[in-house]
Amino acid sequence: MTTTTAVAEPTGPSDTDTETAGLADLSDLAGFDALDESVRADPAAHRVLTGDRPTGPLHLGHYFGSLRNRVRLQRLGVEMFLVIPDYQVITDRDVADRLAEHTENLVLDYLATGIDADRATVFTHSAVPALNQLLLPFLSLVSVAELHRNPTVKDEIAHSSQAAVNGLMLTYPVHQAADILFCKADLVPVGKDQLPHLEVTRTVARRFNERYPHPDGTTVFPRPRALLDAAPLLLGTDGGKMSKSRGNSIPLAADEDTTARLLKGAKTDTDRRITYDPAGRPEVSNLVLLAALCQDRTPEEVAEEIGDGGAAALKRTVTEAVNEHFRPIRARRAELAADRGHLRDVLRAGSERANAIADATLAEVREVMGSL
Ligand code: TRP
């Protein structure tokens, strides 16, 4: 299986005001080989920022879609910032449930999967005041109509159980621009659903730079690019999108028995011959794919090997593959979990560093805006 990374260099005449109109044309994703090369040639010239909402445990979809790619970038020598966007939790719910616990669990997942705490900066939104203050000038750079047009926000509003849409829901993509721009990150590894937000970030950066250049003509912000992981999307055990909140995911941290139980309950079909046919047999193919990802083989090979064994054999294979692949990660996670003090130290160090950078960026922003 490849773990190639694609760069979403948003499309066409990207310096126009139509940028936020919609999703970047996915057929136009290009240049990942070039990016891989440029990262390899000079890793220190890049800075990566990404993050995960602290709303529940990370699952296998996160791992294959994003976590392992971050670790790969870090090993190449790229500087890594991981934001735990705690303020984003209250976009579609009234209160943030078990925030501290979810935050600690994210840190555990990061460290267990190979993020190096000595080199990465891990922090929460709420611990970095200057980052949040960037939201104010940034909000002045986007129109209300643009905020309403964001397809990911529209989708979240459609799925929200709240009676009314709150202001943070509409503006959080601009807040996310602050997450990315405070540290002047140039690469943002995300899933496809986040591309509209990255367009907002690029628009904010461009408009800010145009409106407030330094006297010598240089500009404050880079225009970051999305890094899309090319790994195919994993479905949940019900055949829908694997999601923290839909009860259909296999958590990274699940124990082996829980993994077996969850996979046993996964949806399949009655055809005993196991094949890899994502369009025709999405649920069966998804399990084949998961086993293949864990074993670093092609899905066709895995399907061929199971042959006429039916769903039972398929589930046995995938359960073993998952448990074997994640055994060392889970063991490390358990070790780390025994030392909560260490987790707090990682967050404390991360927030200190993020604050120093955010303070410097905010000072620069205030300077070009002419604040006293
Ligand atoms: N919105 C992202 C999500 O729901 C999380 C996030 C917040 C993020 N700030 C970010 C991702 C900045 C990338 C960059 O998954």
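Just to be sure before I move on: is residue 158 in a helix (DSSP H, G or I), assigned by TED's automatic domain parsing to the domain that holds residue 100, open to solvent by 40 Å² or more (accessible area, probe 1.4 Å) and on the phi < 0 side of the Ramachandran plot in the structure I sent?
So residue 158 passes the test.
Within the stretch 167-189, work out how many residues are near the ligand (Cβ under 9 Å from one of its atoms) and either modelled with pLDDT under 95 or open to solvent by 40 Å² or more (accessible area, probe 1.4 Å) (or both).
Selection size over the stretch 167-189: 2.
Right, residue 151: away from the ligand (no atom under 12 Å from the Cβ), open to solvent by 10 Å² or more (accessible area, probe 1.4 Å), farther than 21 Å from residue 352 by Cα and touching a Pro at 6+ places or on another chain (Cβ under 7 Å) or not?
yes
Do the conditions hold for residue 223, that is, is it within 16 Å of the ligand (Cβ to nearest atom), closer than 26 Å to residue 54 by Cβ and in a loop (DSSP other than H, G, I, E, B)?
Against the criterion (within 16 Å of the ligand (Cβ to nearest atom), closer than 26 Å to residue 54 by Cβ and in a loop (DSSP other than H, G, I, E, B)), residue 223 does not qualify.
For the condition within 16 Å of the ligand (Cβ to nearest atom), in contact with a Ser or Thr (Cβ under 9 Å, 6 or more places away or on another chain) and either open to solvent by 40 Å² or more (accessible area, probe 1.4 Å) or not basic (Lys, Arg) (or both), what is the one hit in 192, 244, 264?
Of 192, 244, 264, the one residue that is within 16 Å of the ligand (Cβ to nearest atom), in contact with a Ser or Thr (Cβ under 9 Å, 6 or more places away or on another chain) and either open to solvent by 40 Å² or more (accessible area, probe 1.4 Å) or not basic (Lys, Arg) (or both) is 244.
Give 136, 76 a once-over and let me know the one that is among the hydrophobic types (A, V, I, L, M, F, W, C) and touching a residue at least 24 places away in the same chain (Cβ under 8 Å).
76 is the lone residue from the list that is among the hydrophobic types (A, V, I, L, M, F, W, C) and touching a residue at least 24 places away in the same chain (Cβ under 8 Å).
Can you give me the number of residues within the stretch 195-207 that are under 14 Å from the mean Cα position of the chain (by Cα) and near the ligand (Cβ under 10 Å from one of its atoms)?
2
If you go through the stretch 65-78 one residue at a time, do you hit one that is modelled with pLDDT of 95 or more and within 11 Å of the ligand (Cβ to nearest atom)?
no
Does residue 164 qualify as being away from the ligand (no atom under 13 Å from the Cβ) and either open to solvent by 50 Å² or more (accessible area, probe 1.4 Å) or among the aromatic types (Phe, Trp, Tyr) (or both)?
yes
What number of residues in the stretch 203-219 are in contact (Cβ under 8 Å) with a residue 24 or more places away in the chain and open to solvent by 10 Å² or more (accessible area, probe 1.4 Å)?
Number of matching residues: 6.
The values are calculated or read from the model by the stated rules, or taken from the named source; none is laboratory data. For clarity, every value in this text was computed on a predicted model and none was experimentally measured. Please note: Cβ atoms are built from the backbone with ideal geometry, for glycine as well, and neighbour counts cover all protein chains shown. When the accessible area is computed, the model is the full protein with side chains, heavy atoms only, and any ligands, DNA or RNA have been set aside. Shrake-Rupley method; radii C 1.70, N 1.55, O 1.52, S 1.80 Å.
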